[in-house]
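Comments concern the structure below.
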Amino acid sequence: MPTYDYRCAEGHRYERLVPIRDRDLSSCPACGAAGTRLPAAAAIGGVASAGLSREQMPQTWKGTGGANPEYVRHLRRQWDGRQRLEEKYPELAGDRRPVVAHEGRYHDAPLRAGDVPAPAAPASPAED
Ligand SMILES: [Zn+2]
């Protein structure tokens, strides 16, 4: 199965491994909107891609197209390229510290190992 590049109405760009007969049917993984397949020429000559980050890589068996060998090889090549890029530009690698809290007040800004937790909101008004 070939991979195709798509862009959704919200402007997210993503890639999918799909059978040729289904190549025009795709929904955006970020927002669920219908995606438009980009012409192959645009995918090749378009904006240089930094590749998928560690967090964007498929995390599940299903995400790899059921461990589809062709897609896994493609991911492997992307990942190798990404690693070389991250060696050159470490800022691409992002924060590698483990996330220790990501729920409640840490939903939007996960607490990572080494961070100082912000004080919790006072339970009752301060007294003098
Ligand atoms: Zn989208």
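Any read-out appearing in this document is the output of simple, stated calculations on the displayed coordinates, not a laboratory observation. Please read all numbers here as calculations on a predicted model, not as lab measurements. Don't worry about glycine lacking a Cβ; one is built from the backbone with ideal geometry, like all the others, and counts go over all protein chains shown.
Observations, loosely collected:
- Residue (of S53, G63, P39) at the positive-pole extreme of the chain, dipole from beta-carbon charges: P39
- Per-residue HN-Hα couplings for segment 53-65 [Karplus 6.51, -1.76, 1.60; θ = phi - 60°; Hz; x = Gly/Pro]: 7, 3, 6, 8, 5, x, 10, 10, 4, 4, x, 9, x
- Table column - 3J(HN,Hα) (Hz), segment 94-99, Karplus curve with 6.51, -1.76, 1.60, x for Gly and Pro: x, 8, 8, 5, x, 7
- Evaluating kT/(6 pi eta Rh) at 4 °C and 1.567 mPa s, with the Kirkwood radius of the chain over Cα pairs in the Stokes-Einstein relation, gives 73 µm² s⁻¹.
- Longest exposed-site-free window of the chain, the sites being GluC sites (Glu not before Pro) in a DSSP loop that have at most 15 other C-beta atoms within 10 Å: 56-102
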